[in-house]
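Asker: Encoded as structure tokens, here's the structure I'll be asking about.
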Amino acid sequence: MMLALTHARGYVAAMKPTDLRVALFSGNYNYVRDGANQALNKLVRHLLDAGVQVRVYSPTVEPPAFAPEGDLVSVPALPVPGGRGEYKVALGLPRGPRADLEAFAPNLVHVSAPEFLGHAAVKWARARGIATVASLHTRFETYPRYYRLGFVEPPLIRLLTRFYNRVDRVMVPGDSIAQLIRQWGVTTPIGIWSRGVDHARFNPARRDDAWRRSLGIADDMPAIGFLGRLVLEKGLDIFADVARELTRRGVPHRVLVVGEGPARDWFAGQVPDAIFTGFQSGDDLARAVAGMDVFFNPSITETFGNVTSEAMACGVPVVAARATGAMDLVVDGVTGFLVPPRDVGAYADAIERLARDAALRRAAGAAGHARMAAHVWDRVNQAVLDAYLEVMAAR
């Protein structure tokens, strides 16, 4: 009664970040370098800097792709079958990590993937009346269609909907994903956790024409770039079809592929004239991105598209699928073009316009660079911390 009265009169002090004890569950926190993992690590650094106590639970490998932020507890896991053994899957929350979790005694559980470990963490938290937040990083429901398992998609959507309806808040990267999961039937309150860009690293000044020449790309030859892990679900088949169509039309271009992955050999066979730089990181990555003249992203599996935002920050115009992620970033006809997914002719039309018109490329690139100025990591990560505090206040 006293709590209710004092709260009604505005006298109850709000929970502070230093009151939070967050257990973060990830299917892949730092053993593969991708946008989702880097976002989670940047979030943990922001939370720690704000005084939040954080403990991370995830499968691990030796050596990891990069050093983790915060205290990381290894969860036993098995390689994912089907030729994707670079990823691990934990089959639940076994005794060792569970004992560590109970000793840590979190007052909020954050799950970043709807797999077995995430389900076990939500179940554990709900049984104890602990607040739960889920963040959505990947459109897992789209993956089966790339492996001839499209019939799995409808039941998978039902499982995902049930998962996100069992938490107190869902954090998504943008409005397009929020609308999508609402259509599925997710009724949980939704917040926006966008993504930032390291503007000191990703900017137009990183372009290095001498480096391009060293790869065999002439100064006046438009480089059509791909950036990301070389996996089928990134739309590599469409990219290859579009590259062939550009060649058939006689559009001057070189394909520049930045990244590595299990589909590299297949992709190299599909685009035999492409230049493959392999995996790039740090300033080398920024140089590679800024060295593109058009960034082509036909993926429909993105929830945000860190690679798209990094290309835009470098002043590179974007041609992307009119799908979640890109729809929140690319302004059609201003910073690039949005194209109906899998429409090879429309993709080729958009890229050809940019490839043949240097002034249009410069204008679209400048507009994209300006649009990304507001995407700063501290600002977007604060939205998650604010959501934690709101969830706790509601309880």
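The values are calculated or read from the model by the stated rules, or taken from the named source; none is laboratory data. Computed from a predicted model, the values in this text were never measured in an experiment. Cβ placement follows ideal geometry from the backbone for every residue including glycine, while neighbour counts extend to all protein chains displayed. For accessibility, only protein heavy atoms count, side chains too; no ligands or nucleic acids. Shrake-Rupley method; radii C 1.70, N 1.55, O 1.52, S 1.80 Å.
Asker: Given just the C-alpha atoms of the range 166-255, how large is their convex hull per residue in cubic angstrom?
Answerer: 172
Asker: How much area per residue is accessible in the chain when the probe is 1.4 Å and only protein heavy atoms are counted (Å²)?
Answerer: Per residue, the chain has an accessible area of 43 Å².
Asker: Once every DSSP H run of n ≥ 4 in the chain is given -39500 (n - 2.57) and the sum is divided by its residues, what mean residue ellipticity at 222 nm do you get, rounded to the nearest 500 deg cm²/dmol?
Answerer: -12000 deg cm²/dmol
Asker: So which lysines pass the test for K234, namely a Cα distance under 28 Å, with those fewer than 8 places away in the same chain ruled out?
Answerer: K42, K88
Asker: Where nothing but the Cβ of Lys and Arg (+1) and of Asp and Glu (-1) is charged, how large is the charge dipole of the range 70-176 around its Cα centre, in debye to the nearest 20?
Answerer: For the range 70-176, the charge dipole is close to 340 debye.
Asker: If you take the alpha carbon radius of gyration of the range 8-162 and divide it by 2.2 N^0.38 Å, what ratio comes out, to two decimals?
Answerer: Compared with the compact-globule rule of thumb, the range 8-162 sits at 1.12.
Asker: Taking the square root of 5 times each eigenvalue of the Cα gyration tensor, what semi-axes in Å does the equivalent ellipsoid of the chain have, largest first? Display every interim value, and only then the final one.
Answerer: Values: eigenvalues 304, 102, 77 Å².
Rounded to whole Å, the semi-axes are 39, 23, 20.
Asker: Could you work out the relative contact order of the range 248-395, using alpha carbon pairs under 8 angstrom and six or more residues apart, expressed as a whole percent?
Answerer: Values: 195 pairs, mean separation 29.3, N = 148.
Computed value for the range 248-395: 20 percent relative contact order.
Asker: If you project the alpha carbons of the range 255-395 onto the principal axes, what extent comes out on each, in Å, largest first?
Answerer: Extents along the principal axes: 57, 35, 31 Å.
Asker: Next question, about the same structure. Take the Cα radius of gyration of the range 202-286 and divide it by 2.2 N^0.38 Å, with N its residue count; two decimals is plenty.
Answerer: Compactness ratio reported: 1.09.
Asker: Helix 35-49: angle to the longest alpha-carbon principal axis of the chain, degrees 0 to 90, nearest 10?
Answerer: Roughly 40 degrees, rounded to the nearest 10.
Asker: A further question on this structure: Quick query: amide H of G92 versus all other amide H atoms, modeled in the peptide plane; which residues come in under 5 Å with a sequence gap of 5 or more or a different chain?
Answerer: Placed amide hydrogens put L117 under 5 Å from G92.
Asker: For the chain, the longest stretch holding no chymotrypsin sites (Phe, Trp or Tyr not before Pro) located in a DSSP loop with at most 15 other Cβ atoms within 10 Å is which?
Answerer: 67-278
Asker: Using each residue's phi in the range 320-328, evaluate 6.51 cos²θ - 1.76 cosθ + 1.60 at θ = phi - 60° and report the 3J(HN,Hα) Karplus result to the nearest Hz, with x for Gly and Pro.
Answerer: Using θ = phi - 60°, the values come out as 9, 5, 6, 8, 3, x, 4, 4, 8 Hz.
Asker: Report, to the nearest 10°, how far helix 236-249 tilts away from the longest principal axis of the Cα atoms in the chain, using its own Cα long axis and a range of 0 to 90°.
Answerer: 20
Asker: Under a Cβ-only charge scheme (Lys and Arg +1, Asp and Glu -1), can you give me the dipole magnitude of the range 151-303 about the Cα centre, in debye to the nearest 20? Intermediate results must be reported in sequence, preceding the final value.
Answerer: Working: 19 positive and 19 negative charges, 86 e Å.
Computed charge dipole of the range 151-303: roughly 420 debye.
Asker: In bins 5 Å wide, starting from 0, what share of all Cα pairs of the range 61-144 does each bin hold, as a percent?
Answerer: That works out to 3, 11, 19, 25, 22, 12, 6, 1, in percent per bin.
Asker: So, in nm, how far is label T187 from label W266 when the simple model puts each one 7 Å beyond its Cα toward the Cβ?
Answerer: 4.0
Asker: If Lys and Arg each add +1 and Asp and Glu each add -1, what is the summed charge of the other residues whose beta carbon sits under 14 Å from the beta carbon of G92?
Answerer: Working: positive: K88, R95, R98, K123; negative: E115.
Neighbour charge sum, excluding G92 itself: +3.
Asker: If you average the C-alpha positions of the range 144-205 and of the range 217-240 separately, how far apart do those two centres end up, in angstrom?
Answerer: First find each Cα centre; the distance between them is then 24 Å.
Asker: Okay, next question. Determine how large the accessible area of M372 is when every protein chain is in place; take a 1.4 Å probe and give Å² rounded to the nearest 10.
Answerer: Number for this one is 0 Å².
Asker: Quick one: dipole size for the chain, taken about the Cα centre, charges +1 on Lys/Arg Cβ and -1 on Asp/Glu Cβ, in debye to the nearest 20.
Answerer: 880
Asker: Can you list residues whose amide H is under 5 Å from A321's amide H, if they're 5+ apart or on another chain and H is modeled 1.01 Å from N?
Answerer: N297, S299, V339
Asker: A further question on this structure: With the cut-off at 13 Å, report for the range 31-89 the share of all Cα pairs above it, as a whole percent.
Answerer: Within the range 31-89, distances greater than 13 Å cover 64 percent of Cα pairs.
Asker: Here's a follow-up. Treating the angle as unsigned and between 0 and 90°, give the value, to the nearest 10°, between the Cα long axis of helix 377-394 and the longest Cα principal axis of the chain.
Answerer: 30
Asker: Could you work out the relative contact order of the chain? I mean the mean sequence separation of Cα pairs under 8 Å and 6+ apart, divided by the number of residues, in percent.
Answerer: 15 percent.
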